[in-house]
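Data first, discussion second: the structure below is written as structure tokens.
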Amino acid sequence: SYCSRIIGTGSHLPDQVVTNEQLAETIDTSDDWIVDRTGIRERRIAREGETTSVLAFQAAENALEAAGISAKDLDLVIVATTTPDNTFPSTATKVQAMLGMEGGAAFDIQAVCSGFVYALAVADNFIRAGQAKTVLVIGAEVMSRILDWSDRGTCVLFGDGAGAVVVQAEEVGAGEPVGILSTHLHSDGKLRDLLYVDGGPGTNKQVGHLRMLGREVFRHAVTNLASVVVEALSANGYTQSDIDWLVPHQANKRILDGTARKLGLREDQVVITVERHANTSAASVPLALDEAVRDGRIQKGQLVLMEAMGGGLTWGAALVRW
Ligand code: ACO
């Protein structure tokens, strides 16, 4: 039987930095308000032509290089995104072509901010089932394209970017389990109106804009995240004190602090990028993961917990022995 190992990580950010002060030039907000409520200081915003597939492709190339393999070794590409280049075909098929792949399969996953954790779960299950050997999992977003730039309650919170991992099958050995130990997914569609886009084929608008009841989302976030983390740990016989690194979805510094406090984790065990990236939806977990792998914080043998929550509501976690 097989388990899945993450053998390489990569990421890519647009070069355009937009600070809180710059936003305060066009909307009624301030650096103080944004930093105090969210911890966000700046975000990257894609330029014209810098679409989700473009960011995803760069992150993918990065991850393939880190893994030391080429695109022809892949048999599956999964892109988690809520801002696809087009309604169809999937952004994953565009990335497949950009990578020059001749075979394999490619599809998108839509779970908004939880998209990367969902996609990682799908990749892990394909590998465990023996249906794929080497899978590229990407979270990529241009949230700036679905924001209402006149709504100060939402437009200050998001940014653009992409992160990717290469996941590969490995024969299960005799020792302690390694790689992706388990994944845990949840959703509650009754709460879909807390966070949604008011456009799309089922509406009378085209792309539409992101709408959010921020307080309500916040309330559910800390509770759901803490509970899915505990679920992931206990499924593997671990407790909070076994965690080396928490790699959370980066929505808001207050949600991160609240979750860490609830779990009894120290701040220096939590990978935090929200002050520089803001909320990049499905890209935030792989962006944070890549940063902590590249700067040497995450080391082989450590226990890494990824978690996320987003529109749907959807939430989930993945526990990895690195
Ligand atoms: N600048 C200045 N003032 C603002 C801004 C802004 N950018 N945005 C809102 N305000 C004002 C409001 O108009 C309101 O003013 P009023 O009292 O005169 O009506 C006041 O600030 C308070 O607004 P609230 O929305 O109640 O502020 P709150 O303290 O709840 O903070 C926030 C808002 C930061 C959105 C918070 O609710 C939050 O973090 N929610 C979590 C949502 C989230 O992170 N979602 C991300 C997607 S989901 C996910 O990824 C988990």
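The values are calculated or read from the model by the stated rules, or taken from the named source; none is laboratory data. The model shown is predicted, which means the values in this text are computed figures rather than measured ones. Cβ coordinates were reconstructed from backbone atoms using ideal geometry, including for glycine residues, and neighbour counts include every protein chain displayed. Just the protein is used for accessible areas: all its heavy atoms, side chains included, with ligands, DNA and RNA removed. Shrake-Rupley method; radii C 1.70, N 1.55, O 1.52, S 1.80 Å.
Numerical summary
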quantity	calculated
Shape parameters for segment 179-321, alpha-carbon atoms, Rg then Dmax in Å	15.7, 51
Nitroxide proxy distance, nm - points 7 Å out along Cα→Cβ at GLU65 and ASN86	2.9 nm
Peptide ranges 158-170, 184-196, 304-316 listed from the most packed, as the mean C-beta count within 10 angstrom indicates	158-170, 304-316, 184-196
Å² per residue, accessible surface of the chain at 1.4 Å	42 Å²
Positive-end extreme of charge dipole, the chain - chosen from LEU210, SER227, VAL293 (charges on Cβ)	SER227
Segment 144-156 - phi-based ³J(HN,Hα) in whole Hz, Karplus 6.51/-1.76/1.60, Gly and Pro as x	4, 7, 10, 8, 8, 6, 9, 9, 5, x, 10, 5, 7
Which of SER70, SER234 is most accessible, then next, and so on - probe 1.4 Å	SER234, SER70
Full-extension gain in nm, SER182 to VAL17, via 0.36 nm per residue minus C-alpha separation	55.8 nm
DSSP-defined antiparallel bridges as percent of all bridges, the chain, nearest 5	70 percent
Kirkwood hydrodynamic radius over Cα pairs of segment 2-171, then Stokes diffusion coefficient at 25 °C and 0.890 mPa s, in µm²/s	147 µm²/s
Simple spin-label estimate for LYS133 and GLU48 in nanometres, 7 Å along Cα-Cβ	4.5 nm
Residues with amide H under 5 Å from that of SER182, placed H, sequence gap 5 or more	LEU319
Solvent accessible area, Å² - PHE218, 1.4 Å probe, full protein context	60 Å²
The chain, Cα convex hull volume normalised per residue, Å³	126 Å³
Size of segment 231-270 as Cα extents on the principal axes (Å, biggest first)	29, 16, 15
Which of GLU21, GLU176 is most accessible, then next, and so on - probe 1.4 Å	GLU176, GLU21
Modelled FRET efficiency - R0 22 Å, SER1 with LYS300, Cβ distances, 0.05 increments	0.50
Carbon plus sulfur fraction of accessible area for the chain, probe 1.4 Å, in percent	49 percent
At R0 = 30 Å, FRET efficiency that the Cβ-Cβ distance of ASP257 and ASP193 yields, to 0.05	0.65
Inter-label distance, nm, simple model (7 Å from Cα along the C-beta direction), ARG215/TRP149	3.0 nm
